[in-house]
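Engineer: Please see the structure below; I have some questions.
The values are calculated or read from the model by the stated rules, or taken from the named source; none is laboratory data. Predicted, not measured: the structure shown is a model, and the values here were computed from it. Cβ placement follows ideal geometry from the backbone for every residue including glycine, while neighbour counts extend to all protein chains displayed. SASA here: full protein model, heavy atoms, side chains in, ligands and nucleic acids out. Shrake-Rupley method; radii C 1.70, N 1.55, O 1.52, S 1.80 Å.
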Amino acid sequence: MDVQMQIVNGTFRRRVAVLVLFLVGVAVIISTVRWHQFSSQVVRDTRDLAYERAATQVEARLLELIVDRNPEATIREFRGFPRHLLAEAARLDVDFRLVVALVDHESAFNPRAVGARGEVGLMQVMPATAARYGVRQAGRSPQANLEAGTKYLRDLIQRFGDRLELVLAAYNSGEGAVQRYDFRIPPYRETRLY
C-alpha cells in the first residue's frame, strides 16, 4: 500500500529520476576520465614516436660522422654509441650538439684516444675528473667516458651559466684556470684556439 501511495504521490518517480541522473553523471565522469587518459596516452605516444624518429635520424648522421672521422672503424664498433650519447646528454640536460662537438674536437670520435697530459677516451677525460664523478674505466669504456665527460660539462654549464666560452675554456684548461684569470679565458694558446 505504501508503494502505491509513493507512486501516486510521484515521490518514487522523482527518486528514480534523481537516481538515473546521478548514474548518468557518474557515467559521464568515468567516460571523461577515460577519454582524458586515452588522449593523454595518444599524445605521449605521438611525442615518443616523433622523438624516436628524430633520434634515429641523429644516430644515423652521427654514425656517418664517426666512420668519416675514423676510416678504420666499423659501424658495428660504434653501433650503440650515438644512442648512448643522446641518452646521456638528455639525462643530464646538456645539449647533445655540444657533446657531439666536444667529442669531435677532443678525440675525433676515437674511443682509444690518449692525450699528452693523460686525458683518455672520446671526451678526453682526466682520470681524476672521472674519479670525481665516481666513474670507473673512463679510459676503457666509451659509455663511462661519455658519462664522466658529460657530467663534468653539465657542472661547468651550471657554474659558468650561459657563458659558453668560459664553459669550453674550463673544459680545456680546468675550471681553476678560468677562476685564476678572473673568469676570463686563460691566456694559454691551446685554450684560446679551443
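Engineer: Tell me whether the stretch 157-176 contains one or more residues that are assigned to a loop (DSSP other than H, G, I, E, B) and at negative phi.
Structural biologist: First pass over the stretch 157-176, keeping only residues assigned to a loop (DSSP other than H, G, I, E, B): 161-163, 174.
Those still in the list that are at negative phi too: 162-163.
Yes, because at least one residue in the stretch 157-176 is assigned to a loop (DSSP other than H, G, I, E, B) and at negative phi.
Engineer: Need the failing condition index for Val114 against (1) within 18 Å of Arg69 (Cα to Cα); (2) buried (at least 22 other Cβ atoms within 10 Å of the Cβ), just the number.
Structural biologist: (2)
Engineer: Only one of (1) within 41 Å of the chain's Cα centre (by Cα); (2) open to solvent by less than 60 Å² (accessible area, probe 1.4 Å); (3) at pLDDT 65 or above fails for Gly25. Which number is that?
Structural biologist: In the conditions (1) within 41 Å of the chain's Cα centre (by Cα); (2) open to solvent by less than 60 Å² (accessible area, probe 1.4 Å); (3) at pLDDT 65 or above, Gly25 misses (1) alone.
Engineer: Looking at Arg61, is it surrounded by fewer than 20 Cβ atoms within 10 Å (Cβ to Cβ) and modelled with pLDDT of 80 or more? Break it down stepwise before answering.
Structural biologist: Values: surrounded by fewer than 20 Cβ atoms within 10 Å (Cβ to Cβ): yes; modelled with pLDDT of 80 or more: no.
Criteria not met by Arg61.
Engineer: Could you list, in sequence order, all residues of the stretch 152-181 that are hydroxyl-bearing (Ser, Thr, Tyr) and closer than 19 Å to Phe96 by Cβ? If you could, list the steps in order and put the result at the bottom.
Structural biologist: Here is the first cut: in the stretch 152-181, the residues hydroxyl-bearing (Ser, Thr, Tyr) are 152, 171, 173, 181.
Answer for the stretch 152-181, where residues must be hydroxyl-bearing (Ser, Thr, Tyr) and closer than 19 Å to Phe96 by Cβ: Tyr152, Tyr171.
Engineer: Does the stretch 117-132 hold any residues that are over 17 Å from Asn70 (Cα atoms) and surrounded by 14 or more Cβ atoms within 10 Å (Cβ to Cβ), and which are they?
Structural biologist: Here is the first cut: in the stretch 117-132, the residues over 17 Å from Asn70 (Cα atoms) are 117-119, 125-132.
Once the filter is applied, which keeps residues that are over 17 Å from Asn70 (Cα atoms) and surrounded by 14 or more Cβ atoms within 10 Å (Cβ to Cβ), the stretch 117-132 yields Glu119, Val125, Met126, Pro127, Thr129, Ala130, Arg132.
Engineer: To continue, here is another question. I'd like the full set of residues that are open to solvent by 20 Å² or more (accessible area, probe 1.4 Å) and within 20 Å of Leu98 (Cβ to Cβ), limited to the stretch 133-151.
Structural biologist: Of everything in the stretch 133-151, those that are open to solvent by 20 Å² or more (accessible area, probe 1.4 Å) and within 20 Å of Leu98 (Cβ to Cβ) turn out to be Tyr133, Pro142, Gln143, Glu147, Lys151.
Engineer: Based on what the data block shows, is Gln158 at pLDDT 90 or above, farther than 26 Å from Glu64 by Cα, out of contact with any Asp or Glu (no Cβ under 7 Å at 6 or more places or on another chain) and surrounded by fewer than 16 Cβ atoms within 10 Å (Cβ to Cβ)? Step through it out loud before you land on a result.
Structural biologist: Details: at pLDDT 90 or above: yes; farther than 26 Å from Glu64 by Cα: yes; out of contact with any Asp or Glu (no Cβ under 7 Å at 6 or more places or on another chain): yes; surrounded by fewer than 16 Cβ atoms within 10 Å (Cβ to Cβ): yes.
Spelling it out, Gln158 is indeed at pLDDT 90 or above, farther than 26 Å from Glu64 by Cα, out of contact with any Asp or Glu (no Cβ under 7 Å at 6 or more places or on another chain) and surrounded by fewer than 16 Cβ atoms within 10 Å (Cβ to Cβ).
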